[in-house]
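Notes follow the structure.
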Amino acid sequence: MLGQSYEVPKRKMSFMLQCSQVWGLPPQIAESLSKAIEKSTQSNEARAHFNQLYSDIQRTAEDQCYSNLRNDRGRHPREDELNKAWMPLRNAGIQINMADLRQRMGR
């Protein structure tokens, strides 16, 4: 039963990782994060760090989305462009943290 409570967040992490790969995440990093997702509920120690892993993967997806748009356009993307690119994730119930993303990207 305990493992079932983690299934939805694990699916969301996997989806964020898939989107990150489309946005240019290097395969070796994607593979490493994918393994971390699989192992994230296999032990009490791993479950203790589950929320941090989720946050790290979401930040990775946000950063990849931003970087992909910046590279495609040759400029910093506007908020509406980020929201449009993030739409598949928003439809899955994953909100982009725009304020933190802007701060990380120096905007």
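Identify, please: which residue in segment 17-51 is in contact (Cβ under 8 Å) with a residue 40 or more places away in the chain and in a loop (DSSP other than H, G, I, E, B) and is, among those, surrounded by the most Cβ atoms within 10 Å (Cβ to Cβ)?
Once the filter is applied, the top-ranked residue is W23.
Quick check on my filter: what residues within segment 59-107 are in a loop (DSSP other than H, G, I, E, B) and either aliphatic (A, V, I, L, M) or touching a residue at least 40 places away in the same chain (Cβ under 8 Å) (or both)?
If the condition is that a residue be in a loop (DSSP other than H, G, I, E, B) and either aliphatic (A, V, I, L, M) or touching a residue at least 40 places away in the same chain (Cβ under 8 Å) (or both), then A92, G93, I94, I96, M105 are the ones that fit.
From (1) under 16 Å from the mean Cα position of the chain (by Cα); (2) open to solvent by less than 60 Å² (accessible area, probe 1.4 Å), pick out the condition that doesn't hold for Q95.
(2)
Is it true that some residue in segment 52-68 is among the hydrophobic types (A, V, I, L, M, F, W, C) and exposed (fewer than 14 other Cβ atoms within 10 Å of the Cβ)?
Scanning segment 52-68, I find no residue that is among the hydrophobic types (A, V, I, L, M, F, W, C) and exposed (fewer than 14 other Cβ atoms within 10 Å of the Cβ), so the answer is no.
Scan segment 7-16 and give yes if some residue there is assigned to a helix (DSSP H, G or I), open to solvent by less than 40 Å² (accessible area, probe 1.4 Å) and not hydrophobic (A, V, I, L, M, F, W, C), otherwise no. If you could, list the steps in order and put the result at the bottom.
If we filter segment 7-16 for residues that are assigned to a helix (DSSP H, G or I), which is where we start, we get 7-16.
Checking the rest, the ones that are also open to solvent by less than 40 Å² (accessible area, probe 1.4 Å) come to 9-10, 13, 16.
Checking the rest, the ones that are also not hydrophobic (A, V, I, L, M, F, W, C) come to 9-10.
Within segment 7-16 (the criterion being assigned to a helix (DSSP H, G or I), open to solvent by less than 40 Å² (accessible area, probe 1.4 Å) and not hydrophobic (A, V, I, L, M, F, W, C)), the answer is yes, since at least one residue qualifies.
Picking from R11, R107, which residue would you name as being in contact with a His (Cβ under 9 Å, 6 or more places away or on another chain) and of a type in the set (D, E, K, R)?
R107
The values are calculated or read from the model by the stated rules, or taken from the named source; none is laboratory data. Just so you know, these numbers come straight off a predicted model, no measurement behind them. For neighbour counting, all protein chains shown are included, and Cβ atoms are generated from backbone atoms with ideal geometry for every residue, glycine included. Surface areas here come from the heavy atoms of the whole protein model, side chains and all, with no ligands, DNA or RNA. Shrake-Rupley method; radii C 1.70, N 1.55, O 1.52, S 1.80 Å.
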